[in-house]
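No lab work stands behind these numbers, since they all come straight from the coordinates. Here the structure is a predicted model, which means the values were calculated and not measured. Every residue, glycine as well, gets a Cβ built from its backbone with ideal geometry; the counts of neighbours run over all protein chains shown.
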Amino acid sequence: MADVQKRTTKTGEVGWDVRYRDDTRRQRKRSFARKVDAQRFANSVETDLLRGDWIDPRHAQEPFGDWAAK
């Protein structure tokens, strides 16, 4: 389950953090400036994890040719 938390910086700016656990139970975090964007991301992460469609962001940067060779 993804959790959306409000964050206030020392300068008074408000931000929103989304914390969730991936399919290997590793905790991950992503920050957003707007609450609506954070909530949408949290909803999409939860849906992808439940469906089994979640892709590790570290592997998303891997070129297709390298992935296909494996």
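Okay, here's what the table says:
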quantity	calculated
Net charge dipole size for the chain [Lys, Arg +1 and Asp, Glu -1 on Cβ; Debye, nearest 20]	400
Sparse-neighbour loop sites [trypsin sites (Lys or Arg not before Pro); segment 1-37; at most 15 other C-beta within 10 Å; DSSP]	Lys10, Arg25, Arg26, Arg34
Karplus-derived 3J(HN,Hα), 6.51/-1.76/1.60, for each residue of segment 22-38, Hz, glycine and proline x	6, 5, 9, 6, 7, 6, 10, 9, 9, 10, 9, 7, 10, 5, 5, 5, 5
Full-extension gain in nm, Glu62 to Thr11, via 0.36 nm per residue minus C-alpha separation	14.7 nm
Residues of segment 30-62 with amide N under 14 Å of a point placed 7 Å along Cα→Cβ from Arg21	50
Long-range amide H partners of Asp56 with built H, under 5 Å	none
Rh (Kirkwood; distinct C-alpha pairs) - the chain, Å	13.5
